[in-house]
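Readers should treat all values here as calculations from the given coordinates under stated rules, not as data from a laboratory. Model, not experiment: these values are computed from the prediction. Note that we place each Cβ from the backbone using ideal geometry, even for glycine, and neighbour counts take in every protein chain shown.
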């Protein structure tokens, strides 16, 4: 449940301009997560979310740390990937990754954060991630890397 909630938090701060923990808690409750502000506060700390100035509104909002700014953020996403992926398979230059229900988008975000050179893009659904690779060799290499992470 914790990984699902944290994955949803990452998705929410990416989609919405969330200014406060209370606002984030409200979004989570609206999505069926019975959580408290104290739990959200701990999640924010673990995920290393930061507040940045919004170019659109001029107000501060929660955002995920940028690549390279927080190694622990990337480590956390790799842990989420490790916990939620159940299957990985390639078909030519495409990779299909099966996850636990509700964690497809979290796995896609984790893949994006890995910045693998062969990944052209990802699409995360409820329990499936579709990744397009540059070529068949990149797909095979990525599958091996992903399986190594799962060990």
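Between 0 and 90 degrees, the angle of helix 21-30 with respect to the longest Cα principal axis of the chain falls at about 60 degrees.
Relative to the longest principal axis of the Cα atoms of the chain, the long axis of helix 37-47 makes an angle of roughly 40 degrees.
As a length-normalised measure over Cα pairs under 8 Å and 6 or more apart, the relative contact order of the chain settles at 19 percent.
Angle of helix 136-150 to the longest C-alpha principal axis of the chain, folded into 0 to 90 degrees and rounded to 10: 60°. Sorting 18, 9, 50 by the number of Cβ atoms found within 10 Å of their own Cβ, with the fewest placed first, yields 50, 18, 9.
Over the residues of the chain, the helix contribution to mean residue ellipticity at 222 nm works out to -15500 deg cm²/dmol, using -39500 (n - 2.57) for each DSSP H run of at least 4.
Under the simplified labelling scheme, the residue 92-residue 34 pair shows an inter-label distance of 4.9 nm, with each label point 7 Å from Cα along Cα→Cβ. For region 82-150, the relative contact order comes to 36 percent (Cα pairs under 8 Å, sequence separation of at least 6). Both the radius of gyration and Dmax for the chain are 15.9, 46 Å, in that order, over alpha-carbon atoms. Annotation for region 1-30 versus region 110-148: alpha-carbon center distance of 25 Å. In region 82-150, the alpha-carbon atoms span a convex hull of 63 Å³ per residue. Note on 149, 80: ascending count of other Cβ atoms within 10 Å places them as 149, 80, the fewest first. Listed from fewest to most Cβ neighbours within 10 Å, the set 45, 61 follows the order 45, 61.
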